[in-house]
1. Obtain the nm distance between the two label points defined at Glu105 and Asn276 by a simple spin-label model: each point lies 7 Å from its Cα along the Cα-to-C-beta direction.
2. Kirkwood Rh over Cα pairs of the chain into Stokes-Einstein at 25 °C, 0.890 mPa s: D in µm²/s?
3. If you add up the charges near Gln145, with Lys and Arg at +1 and Asp and Glu at -1, over every other residue whose beta carbon is less than 13 angstrom from its beta carbon, what do you get?
4. Please compute the length gained on full extension between Glu248 and Met185, using 0.36 nm multiplied by the number of residues separating them and subtracting their Cα-Cα distance.
5. For the chain, modelled as a GNM with alpha-carbon contacts under 10 angstrom, which of Glu84, Glu171, Glu222 fluctuates the most?
6. Tell me, what HN-Hα J-couplings in whole Hz come from the Karplus equation 6.51 cos²θ - 1.76 cosθ + 1.60 at θ = phi - 60° for each residue of the stretch 229-244, using x for Gly and Pro?
7. Using the Kyte-Doolittle scale, find the helices of the chain whose mean hydropathy is at least -1.0 and whose Cα atoms extend 20 Å or more along the helix's long axis, counting only whole DSSP H runs.
8. Leu46 to Gln304: FRET efficiency via 1/(1 + (r/R0)^6), r the Cβ-Cβ distance, R0 25 Å, to the nearest 0.05?
Amino acid sequence: MRDPLYVRTLYPPDGRQIQGLLMAHLAATPYCSAMDEAQVQEQCFLPAPPGVHEVQWLRHQVLGAMVDERLIGFIHIGVGFDQETLHLVGRRPFGLLRFLALPQEYLSAGRTARLLLQAADDYWREQGVAWVRAFTLSTGYPAFQLGAGLLPAAWEDHLRWLTEAGYRLVERYYTMRFPLERLIMEPLPAVGCTFWPRSQGPERHYQLFDGETLLGYARTLERTVMEPAEANPVAYLSDLGVAKAQREQGVDRWLLRRLINDATLRGCRDLVAHVNHRDRHRFTLFSGAGFEETATRGYTLEKQL
């Protein structure tokens, strides 16, 4: 008897089914926005889908787990370089696992995950991939966790099936938030610099210069999320960087406080950032400014084929 569960490549006409399954996952995860069918088409089928962070997609596709042409799960995979590996362009590209959607029922989820993960391995081997990076920060859908592609720690079944398939945990990220209720003091740093903010739609870019030398930069994006609704609108701190010499003079502390006040004045309710567990400086910086660690954490994983 033919197995009723099978895997096939998904195409634009499958977009509505992808959207329904994807929305079930987004609605149950903090700091996610709704995705309409046009956004699904853009993210799943454009050759270079736009994201919050820079990614070089050489190719990508979506594989679906089907029962009588009804979609019950899918895996979005590709080949290329995420933001963390862009400096390796010119070497063998990586396999990238962007998203894995599974049924809610445990036994069905396990069987679906095994089929999809095996199909993904077959795809990557055909492409000559030797190393896979899964759920990295930079490869996320813009609507998913404010653009962070991390595997939510609450997705325990996903983690179980991934580790069973040979994936190992690599990085852990904390989700930290600052409740925007009032303006805070902005003590000036000990070094003089030129501050240049600019807007680009829902994005705000900030740069600090000493003459023509860039000392620091930051970027925030404004989002409306499904959960927690009381946080809307949310300002997401997607990028923050200050030269080490200027950090020692308090420039990063001042810049972070300026971002907090700017988001407050724009009417945002929360300022949110993802912090790598290895980045002790940033964790201390955010904690010292009054950010709270939430219960939401995320993971990145890797696998050698």
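1. Output for this residue pair reads 4.2 nm.
2. 120
3. Within the 13 Å Cβ shell, the charges total +3.
4. That pair, Glu248 and Met185, stretches by 20.8 nm at full extension.
5. Result: Glu84 has the largest fluctuation of those listed.
6. For the stretch 229-244, the Karplus-derived couplings read 4, 6, 7, 6, x, 9, 9, 9, 8, 7, 9, 7, x, 9, 4, 4 Hz, x marking Gly and Pro.
7. Long hydrophobic helices here: 106-126, 251-265.
8. FRET efficiency, Leu46 to Gln304: 0.30.
None of the figures in this text is laboratory data; all of them are computed from the coordinates on show. In this text the structure is predicted, and so the values were computed from the model without any measurement. We place every Cβ from the backbone using ideal geometry, glycine too, and count neighbours over all the protein chains shown.
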